[in-house]
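Quick notes on the structure that follows.
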Amino acid sequence: MGQALPATLQASGLPLSTFGFFLASPAGGFAATPGDSQGHLCLGGAIGRFVAPGQTGSSGTTGVLSLEIDPSSLPSPDGPIVPAFGERWYFQAWHRDANPLATSSFSDGVTVRLFKDTGVPLGLRTGALFKQG
């Protein structure tokens, strides 16, 4: 199998210049304000974090956090895994917030299905967007 095409995760509408990173899971879920966060977690099961060097970031002056990922190597609590063709995966961003005191929050979540196509070993197709509150 060849290398997967890269995909870009993007969260917008975040507070300016705030730290954040993306989360991934093969299961959806719902947890209201986990850990006193102001947002809701839309992932369930084994949640992986994109926190390797170069994967965390700042929303900068635009309030946008983005990360190019390799869909053939997704994070899990036990280390990177190779997802299977046809699987659904769920993604969401976690970020620092101050509203009005220091806290954290989450972006909307999204589900995607992994696919194979002619000349494309593994990629992402957007499924449903899970909106916050």
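Starting from 0.36 nm per residue, how many nanometres of slack lie between R88 and T56 once their C-alpha separation is accounted for? The partial results should precede the final answer.
Working: separation 32, 0.36 × 32 = 11.52 nm, distance 2.33 nm.
Value of the extension gain: 9.2 nm.
Can you order the peptides 102-109, 10-17 by their average number of other Cβ atoms within 10 Å per residue, highest first? The partial results should precede the final answer.
Working: 102-109: 19.4, 10-17: 15.2.
Going from most to least packed, we get 102-109, 10-17.
How big is the Rg/Rh ratio for the stretch 7-130, C-alpha atoms only, Rh by Kirkwood, two decimals?
Working: Rg = 14.4 Å, Rh = 14.8 Å.
Result for the stretch 7-130 is an Rg/Rh of 0.97.
Where a number appears in this text, it was derived from the coordinates with a stated rule and is not lab data. Since the structure is predicted, the reported quantities are computational estimates derived from the model, not experimental observations. Positions of Cβ are generated from backbone atoms using ideal geometry, with glycine treated the same way; all protein chains shown enter the neighbour counts.
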